[in-house]
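Beneath this line is the structure, given in structure tokens, with notes to follow.
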Amino acid sequence: MASMRDIKRRRGSIQSTQQITKAMKLVSTVKLQRARSSAEKTKSYFDCMYETVRSILARIGEVPSPYLHGRTSERKAVVAITSNRGLAGGYNSNVVKLVTKHEGWKKEDVTIYAIGSKGRDAFARNGYEIAEDLSYLAESPTYADAMHLSDKLLREFCDGKIGEIYLAYTFFRNTVSHEPILLKLLPVEKMEQEGPVAMAPMNFEISDEEALELIIPKYITSLLYGGLMESIASENGARMQAMDNATSNAEDMINNLTLAYNRARQGSITQELTEIIAGAEAIG
Amino acid sequence: MAQGKDFTLRIITPERVFYEGVVEMVEFNTTEGEIGVLPGHVPMTVILMPGVLTIHEPEEEKWAALHSGFAEILPDGITILAEVVEWPQEIDRTRAEAAKERAERRLRMREHGLDMARAEAALRRAIARIEVLD
């Protein structure tokens, strides 16, 4: 049995770890609330945007727009949204796995646009090409940042440097459930028609093709921005959960150690008593 | 006409719901030029250009600088999906004027390798901001 002093020291160190995890949990709870409310605020914009694009695509049918048809290039650009900090359970590795475990993708064909240093490092370790490191976006992205990124991606796409664009992010279902998702941004896939489209008939004053040219970039930007918002909420949710688990694990360990400590103490008292009595009897 | 029925305007940006209310008329700039929309308009979707947005409320008029996005017009309301829209009190006049000058200078000089479309868009935005303030 470990000595009393060892147990005591161990318990103390776990206690201070527990204090840290508890504090981190509180911090991420607050951050989660903030991130969630801003993600909710943006939601109506994306719903509207999604509806509009869907109804345009449903209506105009086949048009020779580069945005709708795949290019010849085999290269795939993946915007991978992870975090700059660890201790968030499987949050970062789940996003990385989406890409590394994707069947039919060759490592050489994939270019990573990394948002979040954890993801960047993991991809670099796995031998992926990192086109750009945008880790500063993982903290507090603005819509202008998303616009910048989508501009850049669309330019590469139109130049034929990349054939497909994907977004790997974490969808925030609710506080305890987050789902890593790989979303195809371009070429835009025809969406399944689910019942009648509830939107106004598209009565553009300009032609459908022109409208598409103008709206698709906005659509991509809004998806990127939405992905960022969802991911930030998910990151804090994941960290909150991870820290909650860590705190309760620490609690369990402390309980076990306290029990072991008390046993050891009782054992040493009993032993001392036995020794004293034995000594007294020997004299008497 | 949709007399007696409420004509609602909703302006949504990625960051917030910018405006929501009952209005009499809305004016803004589109790819086809400036338009004014009254209740009972034919359903239409238009793409916005930088310009002044004028909201005619029953009691007063409000202005804002509207930069990009698109609008969905229905007989009983308008939904504007705006990427950037600002109230006059949110605009910094000196910054807008500096931006205007910068954009004008760039366009005049026709610098080599300059993104003309971008400079032009910047100029339009600056002009819209200044117009809203005046």
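Any read-out appearing in this document is the output of simple, stated calculations on the displayed coordinates, not a laboratory observation. Worth saying up front: this structure is predicted, and the values here are computed from it rather than measured. Don't worry about glycine lacking a Cβ; one is built from the backbone with ideal geometry, like all the others, and counts go over all protein chains shown.
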In a Gaussian network model of chain A with springs linking alpha carbons closer than 10 Å, the residue among A:Asn256, A:Asn92, A:Asn174 that fluctuates most is A:Asn256
Under a point-charge model restricted to the Cβ atoms of Lys and Arg (+1) and Asp and Glu (-1), what is the dipole moment magnitude of the stretch B:91-133 relative to its Cα centre, in debye to the nearest 20? 20 debye
When the Karplus curve 6.51 cos²θ - 1.76 cosθ + 1.60 is applied with θ = phi - 60°, which whole-Hz ³J(HN,Hα) does each residue of the stretch A:46-53 get, with x for Gly and Pro? 5, 4, 5, 4, 4, 4, 4, 4
So what are the ³J(HN,Hα) numbers for the stretch A:172-183, from phi and the Karplus equation (6.51, -1.76, 1.60; θ = phi - 60°), rounded to whole Hz, Gly and Pro as x? 8, 7, 7, 4, 9, 10, 10, 10, x, 10, 10, 10
What residues qualify as long-range amide H neighbours of B:Met49, i.e. H under 5 Å apart, gap of 5 or more or another chain, H built at 1.01 Å from N? B:Asn29, B:Thr30, B:Thr31
As I understand it, the value is the acute angle between the Cα axis of helix A:91-100 and the longest principal axis of the Cα atoms of chain A; what does it come to in degrees, rounded to 10? 50 degrees
Can you sort B:Arg93, B:Arg124 so the residue with the fewest Cβ neighbours within 10 Å comes first? B:Arg93, B:Arg124
Only Cα pairs within less than 10 Å get springs; with that Gaussian network setup on chain A, which residue of A:Arg34, A:Arg155, A:Arg265 has the largest fluctuation? A:Arg265
Could you work out [θ]222 nm for chain B from helices alone, using -39500 (n - 2.57) per DSSP H run of at least four and dividing by all its residues? Round to the nearest 500 deg cm²/dmol. -9000 deg cm²/dmol
Bin width 5 Å, alpha-carbon pairs only: give the P(r) of the stretch B:91-133 as whole percents, running from 0 to the bin holding the largest distance. 5, 28, 32, 18, 11, 5, 1
Rank the residues B:Met116, A:Met4 as a footprinting-exposure proxy: fewest other Cβ atoms within 10 Å of their Cβ go first. B:Met116, A:Met4
Stokes-Einstein D for chain A at 37 °C, 0.692 mPa s, Kirkwood Rh over Cα pairs, in µm²/s? 147 µm²/s
Cα long-axis angle, helix B:116-133 against chain B (0 to 90 degrees, to the nearest 10): 60 degrees
Please go through the residue pairs A:Lys101/A:Lys152; A:Lys107/A:Lys184; A:Lys118/A:Lys161 and name each one whose alpha carbons sit more than 20 Å apart in this structure. A:Lys101/A:Lys152; A:Lys118/A:Lys161
Place +1 on the Cβ of every Lys and Arg and -1 on the Cβ of every Asp and Glu in the protein assembly as shown, take the dipole about the Cα centre, and give the residue among A:Pro141, A:Asn84, A:Gly163 whose Cα lies farthest towards its positive end. A:Asn84
In whole angstrom, the spacing between the Cα centers of the stretch A:4-47 and the stretch A:130-185 equals 26 Å
Over the Cα atoms of chain B the radius of gyration and the largest Cα-Cα distance (Dmax), both in Å, equal 16.1, 57
Cα centre as origin, Lys/Arg/Asp/Glu Cβ charges: the stretch A:1-125 dipole, Debye: 1000 debye
Which residue, chosen from A:Ile7, B:Leu107, A:Ser248, occupies the Cα position most advanced towards the positive end of the dipole of the protein assembly as shown, where the dipole is computed from +1 (Lys, Arg) and -1 (Asp, Glu) charges on Cβ about the Cα centre? A:Ile7
So if I place +1 on the C-beta of Lys and Arg and -1 on the C-beta of Asp and Glu, and nothing else carries charge, what would the dipole magnitude of chain A be about its Cα centre? I want it in debye, nearest 20. 1280 debye
Could you name the lysines whose alpha carbon sits less than 18 Å from that of A:Lys22, not counting residues in the same chain fewer than 8 places away? A:Lys31
How well do other chains shield peptide B:42-48, expressed as the mean number of their Cβ atoms within 10 Å of each residue Cβ? 6
